[in-house]
Structure formats: C-alpha cells, structure tokens
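Below: the structure, in structure tokens.
The values are calculated or read from the model by the stated rules, or taken from the named source; none is laboratory data. Nothing here was measured: the structure is a model prediction, and the numbers come from that model. Neighbour counts are summed over all protein chains in view; Cβ atoms, including those assigned to glycine, are modelled from backbone coordinates with ideal geometry. Each accessible area value is taken on the protein alone, full model and side chains, heavy atoms only, with ligands, DNA and RNA left out. Shrake-Rupley method; radii C 1.70, N 1.55, O 1.52, S 1.80 Å.
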Amino acid sequence: MALGALIGAYQEDDAGGLRALLPLAGRTLLEYQARCLAAAGAAPLVVLVERVPLALNEAFERLRSEGISVVPVSEGSEATSRFEAGSQLILLADGIAPDMEDLGRLMEEADSAVLTVPDDEAHQGFERIDAGHRWAGVAKVDSGMLGATAAMLGDWDLQSTLLRRAIQAGARLIQSNPVEGRGPFLASGEEAMAGYERRLLVASRTARDDAVSRYLLPIVEEVATERLMETGIRPSWLVQAALGMTVAAAFCFSRGWAWAAVALLVLSTPLDLVAQRLGLLRLKPLSPAMTGRRLLWPAAGLALAALGWFQARHGGGWGAMASALSAAAFAEAARIERANRQVPGGEWLFSRRSAIWLAIPFAIGRWWNLYLALLAVYAAASFFIVQHLRHRIERD
C-alpha cells in the first residue's frame, strides 16, 4: 500500500522565522526532512504550510530539481485529498530532523505507531504524551484518521490533534534510538542547527582502508566537506574531477611532465572521499557501482603504465616498463584477492592513494626507475600478504 508523508512547516523559531527554513548543510531543514522521507521511500510528500514565502518556494524548486516532488497545502482537508483512501502516511512534526534508523523502523510497522523519547531534561522541547514519554516528532497514521481529524479540527493544531487521536486509537509507542548522538533533533534556532550540522558532519565519517586516507587526508577531507556541503556541487562532479585529473596525469607522464602529473594525482586523492561524505550528508550515498568510481583504479593503472613507457624510452630500458606492468598486475591481483574483506594491517597494503603519495620523494630526486621497481615489490608483497591472511582467516 502506498505510504505518503505529511510534513508540518508552519511554526516559528526563536527569531520569528519559519522553523522549516532554518539553515542545515547549505540548504534548509525542510529539504533535509524531505530527503529523509524520500530516502525511506515515502511518496507523495505533502507540506502543510500557512504561507509560502520566497525562500520556501525556492526550497521546493531545489527539491523538485533533485527528483523529489513536494506538494504544499494550507489546510488539513486539502492535505487529506493528496493521499490515497485507506493508505497510511508518515507524520513528521514541524522542526524535527528524524533519525534514519527510527524512520526505517517506523516504515516497517504494519499498523499505526508513534516514536517516543524519554520525558527528561534532554527532551524538554518535545511534546509530552504521558508521564513517561514525549513525542519524537514522527508517527505512522491512517489517512482516514487525517481526514476525520481535519473535519473536526477547528482552532486546534493539526499535528498535535492527529497525534492524540492516534494514541487514543491504540497506536503502538516505539522508543526512539537511545544511542548517544542519534535519535531525533528538534530545531529551535540557528545556534542549535549549527550543532546538529556538526553532528551530521561527524556521522558522515566512514572507515578508511588505506594509510593515506586514514592519517594524511582527514584534515583536508574534513575542511573540504564542511565547505562544499553548503554549495550546490554534486558528489558525482568530484568523482568525475578525480577521474579527469588522473587521466590528465597519465598524459603528463607520457610527455615527461612528471611534476605536473604528480601534482594532479595528489590533488585527486581526497576528491572521492569528499564526494562519498557529501552523498551521505545529502542522503544520496554514492553507489559502489558508479562508473566514475570504478574507473579511478584503471585510470591510475594507465598513469603508471604511461610513466613506465616514458622511462623505458628515456634511459630506463625494458626494466622500467616491466616494473610498471608488474606493479599494476600484482596490485589488481591483490585487489581481487582481498575483495573488500578486512585484513589485519590492511591500511598499509598497496592502494591507489599510497602509490600516489609514495611518488613525492622520488619525484624530488627524479628517481623514477627506483620508484617503479619499489612499486612492483610493494604490490607483490601486498598480494602475497593478502593471500596468506585471507587463507589463514578462512582456515581458522
């Protein structure tokens, strides 16, 4: 059965503006709410709003440009007409940024349910349900109940009245995610939103599989993510930029412009990491099967082969090309052998980023033949280590 969503967007914040328009990660709270619901599979998304100021209309247009259709309504009866008869809907309170795990659990409920938080000091801003619970701002109700509530509403608040009626009808109370740093967030003003934005930024950090991304790039990645999340730059653009810079580096190696090639490669190393975090922040994670991401590895191999080819023609002899091809072959074999498995000390094994950053000292001394030979040994050692560890783990 279709599952829509009704978002409240009519209450004011501490400064007198709409809570829905509070800034969050370069966009508005309403856009974040809509992305959460769309990511959970809810449609249509109906926004209950008394007036539509220019900033709110612009937010609607940005959502539509992302393929998320939102329908603004001004009355409960109009909202009812937007949902299929007999369907269920998610009620998202005004100013609430939901936790995705909570939202997923609620979507899986067969009948009406209400997410709750404890009635304690940390949740004083949330609406009280009873002596021990407050509403977490998210509930699952029947569209028929929405219609009946809208018909008898009068001067009462729609979302609060609908919540009360759902509870009186026996809606199940579900405890929100109790993990620290998780659970719903109630927006009250820009200062509180800044704190929640920092929380999202921290939550977007993921495990890093190589030493360069784990120890050398975190500061660059953090600053770039924080700056770019407030822009309209799409994560896919960063991946495409990294791919383009890697291919350009291969061309530079083939022409003997080694320093230009190394600079392009080093600058490309954090871009896919930043893109991954932006995708998580915008609730549109990058797919591992994304063409640009999958081509980064063979493009790096092309750059390595171009360096070997140039060195072979300019004093390195056949050994330079053989080292480059050996390094590429062992690196690919190690990647296949590892197959996304976690192995002890895996961050020190051969990776695209480690090979790129390792080139810096050799570029300074112009020891390219030595660099290629070392890469071949490094890649071969990584392959045999992965093979040994994998078979040992499987045996144990």
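Compute the acute angle (0 to 90°) between the alpha-carbon long axis of helix 368-395 and the principal axis of greatest extent of the alpha-carbon atoms of the chain; round to the nearest 10°. With both axes taken from Cα atoms, the answer is about 60 degrees. Return the loop-located chymotrypsin sites (Phe, Trp or Tyr not before Pro) in the stretch 114-206 (DSSP other than H, G, I, E, B) with at most 16 other Cβ atoms within 10 Å of their own Cβ; answer none if there are none. Within the stretch 114-206, the qualifying chymotrypsin sites (Phe, Trp or Tyr not before Pro) (loop, at most 16 other Cβ atoms within 10 Å) are Trp156. Lys and Arg at +1, Asp and Glu at -1: add these up for the other residues within a Cβ distance under 15 Å of Pro72 and post the number. Computed value for this residue: -3. The long axis of helix 218-228 is offset from the longest Cα principal axis of the chain by roughly 50 degrees. Between the amide H of Leu3 and those of Ala43, distances stay under 5 Å, these residues lying 5 or more places away or on another chain, with hydrogens modeled in the peptide plane. Computing Rg and Dmax of the Cα atoms in Å directly from the structure and comparing it against (i) 26.8, 88; (ii) 24.7, 83; (iii) 20.3, 61 singles out (i). The long axis of helix 190-203 is offset from the longest Cα principal axis of the chain by roughly 40 degrees. What does the accessible area per residue of the chain come to in Å², with a 1.4 Å probe and no ligands, DNA or RNA counted? Per residue, the chain has 47 Å² of solvent-accessible surface. As a fraction of the 1.4 Å probe accessible area of the chain, surface on carbon and sulfur atoms comes out at 57 percent.
Compute the Rg/Rh shape ratio of the stretch 276-396: radius of gyration over Kirkwood radius, all on alpha-carbon atoms. The Rg/Rh ratio comes out at 1.04.
Between Arg294 and Arg164, the contour length at 0.36 nm per residue exceeds the Cα-Cα span by 41.7 nm. Placing unit charges on the Cβ atoms only, positive for Lys and Arg and negative for Asp and Glu, gives the chain a dipole magnitude near 2380 debye about its Cα centre. Net charge of the neighbourhood of Thr116, taken over other residues with C-beta under 11 Å away and scored Lys/Arg +1, Asp/Glu -1, is -1. From its DSSP helices (H runs of at least four residues, each -39,500 (n - 2.57)), the chain gives a residue-normalised ellipticity at 222 nm of -17000 deg cm²/dmol. Sorting the segments 350-359, 112-121 by their mean number of nearby beta carbons within 10 angstrom, highest to lowest, gives 350-359, 112-121. Across the stretch 255-272, rounded Karplus estimates of 3J(HN,Hα) from the backbone phi angles (6.51 cos²θ - 1.76 cosθ + 1.60, θ = phi - 60°) give 9, x, 8, 5, 5, 4, 5, 5, 4, 4, 5, 4, 5, 7, 4, x, 5, 5 Hz, Gly and Pro being marked x. For the chain, the share of DSSP beta bridges that are antiparallel, to the nearest 5, is 50%. With 10 Å bins beginning at zero, the pair-distance distribution over Cα atoms of the stretch 1-150 amounts to 11, 42, 37, 10, 0 %.
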